[in-house]
Amino acid sequence: MLFMPYLAKKPQMKTIIVSNRLPVKIIESEGNYELKQSEGGLATGLGSIYQKDNNIWLGWPGLEVTDEERQKDVTRDLKDMNLAPVFLTQDEINLYYEGFSNEVLWPVFHYHPTYAKYEQDYWNSYVEVNKKFRDALLEIAEPEDTIWIHDYQLLLLPGLLRQVQPDCTIGFFQHIPFPSYELFRLIPWRKELLEAMLGADLLGFHTFDDVRHFISAASRLLPVQAAANEITYQNRRIVVDPFPMGIDTPKYEALTHEPAVIDTIKMLKETFSDVRMILTIDRLDYSKGILQRLQAFDMLLNNHPEYIDKVVLYMIVVPSRDTVPQYRDLRAEIDQLVGNINSRYRTINWNPIHYYYRSFPIEMLSALYSMAEVCLVSPMRDGMNLVSKEYVASRKDETGVLILSEMAGASKELIDAILVNPNNIVEVTGAFIQALEMPLDEQKRRMLAMRKVVSKFNVHHWVKIYLDKLAEVKNMQQSMLTKHVSGLVRQHIEEEYSKAEGRIIFLDYDGTLVGFKGDINEASPDQELLDVLNKLIEDQRNKLVLVSGRSHETLDTWFKDQHIDIIAEHGAWQRKAGGEWAQLDGLYSKWKEQILPVMERYVDHTPGSFIEEKSFSLVWHYRKVEEGLGEQRANELASLLSFIAANSGLQILPGNKVVEIRDIEVNKGKLALRWLQQEPYTYIMAMGDDHTDEDMFKVLPEKAFTIKVGNSKSAARFFLRNTQEVRQFLKQLAGLKDQ
Ligand code: GDG
C-alpha cells in the first residue's frame, strides 16, 4: 500500500472533519440537554477517524446557544467526544442554511432552478458563516493537519482557508449532485463559488457525471487548465475524482439478528400476512419523486386490477422543512393523492397505501427492509441515495427486488437493480410488474451481484480511498514543488550557468517567451523581451537558439536585428545568426493539396477556427472556438487526419488549441541535436511549453537543464509556471534587474 495517511502521520498531525452539522443528537428537556452520538452513515464512516487520537470534527451542534457560559459548557462536553462547535445564531440559520444552502444551492444542484431565490442577504450570510467556520478552524488547525470539508453548505471554506494557510491539505466532498454547467451558470455568485471550491487539493463527488460537470463549469467560467481529472488553477494542481459513498454494511447485516428487529419482522408478517409489500423511504423533498411514484402505483392498480388486495405500498416520508411553502404544498399534494388512491381502491380488509409522515427507529427500518419484497427508490435527482444500499445490505437471503431511479448516484453502481426513469410513469408501472413477477433465481442473481458491490464499497472503504487519494495528491504537489525553478534548484541552475564557458540555450517562443494571444499575429516581441535576449546574446559564452513552430517569414521579420539562431516551423527552416534561411533537406509538401480541403471543411463548420499554412505543415487553430466544441472538433479532425495520412510519412500533433499535421522529419528534437553536435557545450538549457518541445526535452543529454513552462506532465527536469516567471528567470541569468 502506497499511502496510509492516517497511520503514517507524525503524532502531532491531526485530521479535522468539517461539516455544517456535528454528528450529535441533542436531547433537550427542561433546560437541560444531553448529547448523543449520531448513527448516520457519514458519522459511522468517519467515526474511525475523528474519534481517534487528537483528531476532531468541527460543526454546528444543532441548537442555538447564545449564553457565553452555556457555550463554554457545550464546548467542554463536545470536546470529550472529539467534537468542536461553531455556534450559529437563528438569523444565520435562516439566511445561510435555510436561505442560501437550501433555497439556492439545493434547488439548482437538484435541477429545480425555478425554486431558487437569489437573495443578496442569503449570499452575504453564506459568506459570513463560511468565514466563521474558517475562523473556528484556524483556532484548532496546524499547518500540517489534514482538513476534510463536507458538503454544499461550506463551498467557500476551502478557498477561505487556502488564503490564510496556503500549504495546508484540504479535501472537499460534495454529497449532493453537481449540476451541468447550463444550470450552474444561473447562480449569480457562480465564479466565487467555483474559485473557492478550487481552494481544495482534492474535490470528491459521488459520480463521474458530477466530476464532468464540475470540470466543465470550471473550464468555462475560470481561467483554468483542465486535463483528465486534474485542474491547474493559480499554479496549483487540483484533482477532481468520483468517490461513491457506501454504507456501514456489516451494521445493516447485523441489525437483522437483533431481537427488536426479529420481533418487529414477526409483527409485520402477521399484519401483512396476505399481501406483498413495496417499500419506499424518503425525506420530504421535491427531488425525491414522491408524487410521480404515487401516480405509477395508481396506474398499476387501475390497469392491473389483479394486484388489488394483493400489494401494499408502505411509504415512509420523513418530515422536513414543512413550514417552507414549497414543502408545505408538496406535503399537501402527497396527502391528497394518497387519500385519493386509498379511497378509490381500498377494500374492507385492504388499504393500498400505508403512509407515515414521521421517522422511525432504525430497528423498524431494518425490519421493513427484511420484509419488503420490493424496494422502490425513485428520486428525480439524488447525489447517491443510501436507502437503496441499506435495502440491499439487509437482504441476507439474497431475495427481493430493487427498483432504482437512474437519476440517483447509486444507479451507477447498482446496475443489477431495475433501473427506471422516474419521470416515465408507464415505465415505473412496468417495473412494479417486473419486480412482482420476477422469478426467484433472477432475484438472487441480481441481489447477489448488488450485495457484492455494497459489501466491498462500504463506508470504511470510501473513507480510506478518499484519504489515501488526498495524501497522494499532496505528495504529487510536493514533488512538483521540488521541480520548480526556485530556491535551491534555481541557485544550482544559476551557479552552473556562471561556471560554464560554452552555453547553448534553446527557447521556444509562444507560451514560453510570450503569452498566447487570440490573434496569432499579435504576439510580436515587446521591448522587454528584446532587451533580455539582447543582453543574453551580448555574452560571448552564450549561443541562443529560438526553436519555434511559427513560419520562418514571421520570425524573420520579428528577429531581423537579433544575432540569434532560429529554428522555424519546428525545424523545417533554419537560420544561423546573421546567415541565410535554409530548408531541411528531403522535405516535400505535395501532401498539402489533399489535406487542405479536409481542414477547410472544419473551418466552414466551426466558427472561430482558421488554418495557418506553413511550408511543411498545416495548422488548424481553434483558440477562439466555443469551449468544448473546439476540443470535440479537434479530436474528430485529428482522428480523420490519422486515417487519411496513415503510412504517408506525416505526423498529426494535437497541441495547445491547435491540430497540426507535418512531415515526420520535422522535429524540434532532431534539430536541437544537430546544433549540439556543432560545438562542445558545457551548459545546455531548453525551455518550452507544449508537446512539440517534449521532443527536445527527450533527446537532450541528461545533464541538460530542461524546463517546462506550466506544471503539467513533462519529460523536462524542471518547470516554471508561466511566461512571467520565464522572463524573470532569464533576466536574472542575463544580469538584468527585474523592474
Ligand atoms: C445526502 C444526499 C447522499 C431515513 N428515514 C429514516 C432514517 N433514514 C436514513 C436512511 C439513510 C438516510 O436517512 C437517508 O439517506 P440519503 O442517502 O438520502 O442521505 P442524506 O444525508 O439525506 O443525503 C444523498 C447522502 O447525502 C450521502 O452522501 O446519498 O444523495 O442528498 O441512511 O436510513 N433513519 C432512521 N429513521 C427514519 O425514519 N433512523
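The values are calculated or read from the model by the stated rules, or taken from the named source; none is laboratory data. Everything quoted here is computed from the prediction, not taken from an experiment. No Cβ is skipped: glycine too gets one built from the backbone with ideal geometry, and neighbour counts run over all protein chains shown. Note: areas computed on protein heavy atoms with side chains; ligands, DNA, RNA excluded. Shrake-Rupley method; radii C 1.70, N 1.55, O 1.52, S 1.80 Å.
Roughly what percent of Cα-Cα pairs across the chain reach past 35 Å? List each step's numbers first, then the result.
Numbers: 155700 of 272691 pairs.
The share of Cα pairs beyond 35 Å in the chain comes to 57 percent.
Please compute the per residue accessible area over segment 506-584 with all protein chains in place, 1.4 Å probe, rounded to a whole number of Å². Display every interim value, and only then the final one.
Working: 3190 Å² over 79 residues.
In whole numbers, segment 506-584 has 40 Å² accessible per residue.
For VAL24, enumerate residues with amide H under 5 Å from its amide H, sequence gap 5+ or separate chain, H modeled in the peptide plane.
SER38
Which order do peptides 296-306, 244-254 fall in by mean Cβ count within 10 Å, highest first?
244-254, 296-306
Give me the percent of Cα-Cα pairs in segment 461-514 that sit more than 14 Å apart, rounded to a whole number.
Every Cα pair in segment 461-514 considered, those over 14 Å come to 73 percent.
Enter the angle in degrees (range 0 to 90, nearest 10) between the Cα long axis of helix 487-499 and the first principal axis of the Cα atoms of the chain, meaning the one along which they spread out most.
The helix 487-499 is inclined about 10 degrees to the chain.
Whole angstrom only: what separates the Cα centroid of segment 359-416 from the Cα centroid of segment 427-453?
Computed from Cα coordinates, the inter-centre distance equals 12 Å.
How do 316-322, 565-571, 72-78 rank on mean C-beta neighbours within 10 Å, highest first?
Values: 316-322: 17.0, 565-571: 25.7, 72-78: 14.9.
Top of the packing list down: 565-571, 316-322, 72-78.
Relative contact order for the chain: what is it in percent, counting Cα pairs under 8 Å that are at least 6 residues apart?
Working: 1271 pairs, mean separation 64.1, N = 739.
Taking the mean separation of contacting Cα pairs over the length of the chain, I get 9 percent.
Can you tell me the orientation of helix 723-734 relative to the chain, as the angle in degrees between its alpha-carbon axis and the longest Cα principal axis, to the nearest 10?
Once rounded, one gets 40 degrees.
To the nearest 10 square angstrom, how much accessible area does TYR126 have with a 1.4 angstrom probe?
Its heavy atoms expose roughly 0 Å² to the probe.
Compute, for the chain, the length of the dipole vector about the Cα centre, with Cβ point charges of +1 (Lys, Arg) and -1 (Asp, Glu) only. Units Debye, rounded to 20.
1140 debye
Taking the chain as the reference, fit the longest principal axis to its C-alpha atoms, fit the long axis of helix 208-221 to the helix C-alpha atoms, and give the angle between the two in degrees, 0 to 90, nearest 10.
On a 0 to 90 degree scale, this one is about 50.
What percent antiparallel are the DSSP beta bridges of the chain, to the nearest 5? Before the final figure, lay out each step's value.
Values: 36 of 103 bridges.
So the antiparallel bridges amount to about 35 percent of the total.
Can you bin segment 636-676 into rounded, prolate or oblate? Criterion: square roots of the alpha carbon gyration tensor eigenvalues sorted a ≥ b ≥ c, rounded for a/c under 1.5, prolate for a/b above b/c, oblate for the rest.
Note, shape of segment 636-676 comes out oblate.
Rounded to the nearest 5, what % of the DSSP beta bridges within segment 141-298 are antiparallel ones?
35 percent
Could you compute the net charge surrounding LYS576? Neighbours are other residues with a C-beta less than 11 Å from the C-beta of LYS576; K and R count +1, D and E count -1.
0
Just to confirm a number: summing +1 for Lys and Arg and -1 for Asp and Glu over residues other than GLU103 whose beta-carbon lies under 9 angstrom from that of GLU103, what do you get?
Values: positive: LYS117; negative: GLU98, GLU119.
Result for the local shell: -1.
Across segment 548-562, in residue order, what do the Karplus-derived ³J(HN,Hα) couplings come to in whole Hz, using 6.51 cos²θ - 1.76 cosθ + 1.60 with θ = phi - 60° and x for Gly and Pro?
10, x, 5, 5, 5, 5, 4, 5, 5, 4, 5, 10, 4, 8, 8
Filter the GluC sites (Glu not before Pro) in segment 109-166 to those in DSSP coil with at most 15 other Cβ atoms within 10 Å of their Cβ, and list the result.
For GluC sites (Glu not before Pro) across segment 109-166 that sit outside H, G, I, E and B with at most 15 neighbouring Cβ atoms in 10 Å, the list reads GLU119, GLU144.
Please say if segment 324-397 is rounded, prolate or oblate, where rounded means a/c under 1.5 for a ≥ b ≥ c the square roots of the C-alpha gyration tensor eigenvalues, and otherwise the choice is prolate for a/b larger than b/c and oblate otherwise?
oblate
Report relative contact order for segment 312-398 in percent, whole number only (criteria: Cα-Cα under 8 Å, sequence separation at least 6).
Details: 59 pairs, mean separation 27.6, N = 87.
Relative contact order of segment 312-398: 32 percent.
Could you list the GluC sites (Glu not before Pro) in segment 60-98 that lie in coil according to DSSP, counting only those with at most 15 other Cβ atoms within 10 Å of their Cβ?
Passing sites in segment 60-98 are GLU64.
Looking at the square roots a ≥ b ≥ c of the eigenvalues of the Cα gyration tensor of segment 285-374, which shape do they give, rounded for a/c under 1.5, prolate if a/b is larger than b/c, or oblate?
It is oblate, given that a/c is not under 1.5 and a/b is not larger than b/c.
Let me check against my output: what whole-number percent is the relative contact order of segment 68-179, with C-alpha pairs under 8 Å and at least 6 apart? Write down the numbers at each step before the final one.
Working: 110 pairs, mean separation 26.8, N = 112.
24 percent.
Can you work out the accessible area per residue across segment 608-694, with the rest of the protein chains kept in place, probe 1.4 Å, in square angstrom?
Working: 3660 Å² over 87 residues.
For segment 608-694, the solvent-accessible area averages 42 Å² per residue.
Based on DSSP, what percent of beta bridges with both residues in segment 654-739 are antiparallel, to the nearest 5?
Antiparallel bridges make up about 20 percent of those DSSP assigns within segment 654-739.
How large is the accessible surface per residue of segment 73-213, computed with a 1.4 Å probe and reported in Å² as a whole number?
Roughly 36 Å² per residue, with all protein chains present.
Per DSSP H run of at least 4 residues, take -39500 (n - 2.57); add these up for the chain, divide by its residues and hand me the 222 nm value, nearest 500 deg cm²/dmol.
My calculation for the chain gives -12500 deg cm²/dmol from helical runs alone.
Quick check: at a probe of 1.4 Å, how many percent of the accessible area of the chain sits on carbon and sulfur atoms?
50 percent
Just flag the GluC sites (Glu not before Pro) in segment 681-739 sitting in loop per DSSP whose Cβ has no more than 16 other Cβ atoms within 10 Å.
Working: sites: GLU694, GLU702, GLU725; in loops: GLU702.
Within segment 681-739, the qualifying GluC sites (Glu not before Pro) (loop, at most 16 other Cβ atoms within 10 Å) are GLU702.
For every other residue with a beta carbon closer than 12 angstrom to the beta carbon of VAL666, add +1 if it is Lys or Arg and -1 if Asp or Glu, then tell me the sum.
That works out to -2.
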